[in-house]
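The structure appears below as structure tokens.
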Amino acid sequence: MYNDKNSLQHIFIFIFGLICGLKLTLFGEIYVGEIVAIIFSPLYLIFRKISKNELYFLLACFLWSICQILSDIVNNTNFQDSLKGTLTPLVFLATILFYFIFLKKGEKSLALFLLGICFISIIQMLVLPSDYQKINIWKFGLGLMTLNVILIYFSFLSKGNKLNLFIAFLIFLIVSMVNDYRSMAFFPILGYLLYNFFQKRQVNLALSKFTIIKIIIPLVVSVILINFIAAKMFESGYLNGVLPSEVDQKFRSQATSDVGLILAGRSESLISLRAFMDAPFFGHGSWAKDYRYVDEYILLRFKYGLSNEIVETDKELIPTHSYIMGSAVWYGFMGILIWLFITNLVLKNYFRYATKLPIYFHVGIILFLWNLLFSPFGADARWNTGLFFAVFFVFIWHQKEHANKYY
């Protein structure tokens, strides 16, 4: 679809990806790519006309920042926490705006930039692993980066071989299950099913007008079905001896719990929901802290087999392993509305162009929806999600440009 001929440009963009993928610690964690975006994105706003989708992100993120400021005033949040909390959506916005423009150079350039980010991330976590990565490097970074490399290769550099792609996903599933990364294990397979499902162009016409409300219903049904199937499989004994004993014990305890496999494995969601209900209008402020919720979380982890004992901790941040519930805890119900607005914008465009999207975006959408519900919006999520949105809308922009040539 694109013509990339300049090899020097390809080398430059790969090296630029390596640089942008470096993570630094400056008053908190931030990526070099985010610093670049913060510097140059204002110039794009001044000297060019922004698109409708960019305008929507602009409004959503500025409203997000204003709501966080109000919450911090109400909760008397200290200045440093408030500054980091109110700047988070603006850094997120800058990433989307800058890379939406920068990555319009062509499909191969886009792929090389993303590969550069993946490679430097892998090197950095191998050389300077975090405390969590020292315990399980596959679960806390290496697995996701490996999946990204697979997706980039089969989406932009070597297209058409569905069998090899499926085999790669099966190997990834097995490695992830063995390394106690069960949530990530099945996402590529689900994305593969979506990818094949949308090859039927007529199906897309029925889904192109879907909104977030229509998505919630099948999502809830899917969670119920997964919980039911998981419980039955562990109760039946079909999985006896398949998984390592420690992993099997944990999965079994969660799958047969009163809240099911997904919520038992993501018990932070139960705590963040409780914290939101306690302060629904203005939330608890940036980097919300309260020992009560931490103590409740520790008890739930023990109850659902995530921890072998009840241990004391000096952590005080309210557990918010969810984009949407994290925002709800930080600044109230507006956090839910803003993330629903962003999700609706992304999903409308996804269904509109689903038949033209490579596997990278089908798996990416599933990852985003999972993270929306079950992952914290920290530095890694801020960078990876902002970059994914930028790449997603760049690809759609190219689709529109390509279509306009024939009309």
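The values are calculated or read from the model by the stated rules, or taken from the named source; none is laboratory data. In this text, all values refer to a predicted model and were calculated from it rather than measured experimentally. Here the Cβ is made from the backbone with ideal geometry for all residues, glycine too, and neighbour counts use every protein chain on show. When the accessible area is computed, the model is the full protein with side chains, heavy atoms only, and any ligands, DNA or RNA have been set aside. Shrake-Rupley method; radii C 1.70, N 1.55, O 1.52, S 1.80 Å.
Below are the figures for this structure:
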read-out	value
Kirkwood Rh, Cα atoms: Rg over Rh of region 82-129	1.12
Anisotropy class of region 43-180 from Cα gyration tensor, a/c 1.5 cut	oblate
Region 334-387 - percent of accessible surface contributed by carbon and sulfur, probe 1.4 Å	65
Radius, Kirkwood style, for region 50-121 when every pair of distinct Cα atoms is counted (Å)	14.2
Projected area, mean over directions - region 19-63, Cα convex hull, nm²	4.1
Whole-angstrom gap from region 13-59 to region 344-376, using each part's C-alpha centre	21
Ranked packing of 351-359, 164-172, most packed first, by mean Cβ within 10 Å	351-359, 164-172
Computed lengthening from Lys84 to Leu163, 0.36 nm per intervening residue step minus Cα-Cα distance	23.9 nm
Ile69-Val175 pseudo-label distance in nm [points 7 Å out on the Cα-to-Cβ vector]	4.6
Difference of contour (0.36 nm per residue) and Cα-Cα distance, Arg292 to Ile46	83.9 nm
